[in-house]
Amino acid sequence: MRDAILTVTGVSKTYKSGVVALKPVDLEIRRGEIFALLGPNGAGKTTLISIICGIVTPTTGTVTVEGHDALRDYKAVRRRIGLVPQELSTDAFETVLATVTFSRRLFGRSGHDSYIEQVLRDLSLWDKRDSRIMELSGGMKRRVLIAKALSHEPDILFLDEPTAGVDVALRRDMWRLVHRLREGGTTVILTTHYIEEAEEMADRVGVIDRGELLLVDDKAALMAKLGKRELDLTLAEPMAAIPGELAEWDLALTDEGHRLRYTFDAKAERTGIPSLLRELADLGIGFKDLETSKSSLEDIFVDLVGTKEDERA
């Protein structure tokens, strides 16, 4: 297993008003991985990232980046971190090249014009290097934020909702960029409420809701443990309602009664499919086709958050 580049221990945040933005979090980020922190708006994702990056002071707990305490050795930690915030906050009157170069020098790095050029080329910004920020589209401005975050060659890149409000094409460009960064050794941590973003990019996924980190696991292991399978039967004749004789199976009618869907645990010792098919035959219910599919990360997320809602009720 890769060593931890970032360790969060007992970190929480309670504001003076009494609002608990973040319950105690313990988390280790592995060197060179892509980690997705997944949760709805207001779940605590940005609060956690802001604490790690030194923008918000935690109420309790410690953050360590490559052996440096984030509070006691702030400058050393900040040099190792690049942050792409949600807000498009840039100097509107500066050029792209000047903005990115200035960000690099803020961290005490000078020269290396070739590095800045490569970053801008990777982000399809080189042709816009002499354009003022105010002249760029929203998608291009977001690319500039990423270039600024990468300007000082950080070991860890935080992307806080990196594709919020951008079109699908730009979103996929950013996914490709993130994979290239990881291949170059950069550890990438992104917050998102786009399920497909986590499913596409992440090695591991953390699910957070209402300030509580519900779980952290490898994406593949999470989907294997919590994922369900569905068997869809295309019926020979549409069905108005599911007969009572089929009550023991988790069934639902879809496609205006033309399809019967059975949801089951693929890891279970018995899936129940053979007995279901026998019961359908005994009832004279015919079908023309059948297919199975895995549940997505979205299904898992909805199940997790829904379970917590039930516990709170």
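Read the figures in this text as sums done on the coordinates, not as results from a lab. Remember, it's a predicted structure, so these values are computed and weren't measured experimentally. A quick note on method: Cβ atoms are made from the backbone with ideal geometry, for glycine too, and the neighbour counts reach across all protein chains shown.
Things to note:
- Cα lying deepest toward the dipole's positive end in the chain, options Ala70, Gly18, Thr7, charges on Cβ: Ala70
- Cα-centre dipole for the range 4-224 with unit charges at Cβ (Lys and Arg positive, Asp and Glu negative), debye to 20: 560 debye
- Efficiency of FRET between His179 and Leu215 - r from beta-carbon atoms, R0 30 angstrom, step 0.05: 0.80
- In terms of surrounding Cβ atoms within a 10 Å radius of their Cβ, Thr64, Thr191 rank from fewest to most as Thr64, Thr191.
- Compared with the dominant principal axis of the Cα atoms in the chain, helix 138-150 is inclined by about 60°.
- Percent of Cα pairs exceeding the 36 Å cut-off, where the set is the chain: 33 percent
- Relative contact order of the range 5-53, defined on C-alpha pairs under 8 angstrom at six or more residues apart (%): 34 percent
- Taking a sphere under 11 Å around the Cβ of Pro243 and counting the other residues whose Cβ falls inside, with K and R at +1 and D and E at -1, yields a net charge of -3.
- Sequence of Glu87, Glu135, Glu230 once ranked by neighbouring C-beta atoms within 10 Å, starting from the fewest: Glu87, Glu135, Glu230
- Label-to-label distance, nm, for residues given as Arg172 and Asp250 (7 Å Cα→Cβ offset): 3.3 nm
- Listed residue (Ile242, Ile133, Leu123) projecting farthest to the positive dipole end of the chain, Cβ model: Ile133
- For Tyr262, Tyr115, the sequence from fewest to most other C-beta atoms within 10 Å is Tyr115, Tyr262.
- Subtracting the Cα-Cα distance of Phe107 and Asp3 from their residue separation scaled by 0.36 nm leaves 34.9 nm.
- Length-normalised contact order of the range 1-153 in % [C-alpha pairs under 8 Å, at least 6 apart]: 21 percent
- C-alpha long axis of helix 168-183 to longest principal axis of the chain, angle in °: 70 degrees
- Most mobile of Ile300, Ile195, Ile273 in a GNM of the chain (Cα contacts under 10 Å): Ile273
- Asp73 paired with Thr292, simple spin-label distance in nm, labels 7 Å along Cα-to-beta-carbon: 5.1 nm
- Net lengthening on full extension, Met134/Val19 (0.36 nm per residue, minus Cα-Cα): 37.7 nm
- 0 to 90° range, to nearest 10: angle between helix 297-312 axis and the chain longest Cα axis: 80 degrees
- Calculated [222 nm] ellipticity per residue, helices only, for the chain: -10000 deg cm²/dmol; basis is -39500 (n - 2.57) per DSSP H run with n ≥ 4, divided by all residues, nearest 500.
- Averaging the sequence gap over all C-alpha pairs within less than 8 Å and six or more residues apart, then dividing by the number of residues, gives the chain a relative contact order of 19 percent.
- At full extension, Glu279 and Glu237 could sit 13.5 nm farther apart than now, given 0.36 nm per residue minus the alpha carbon distance.
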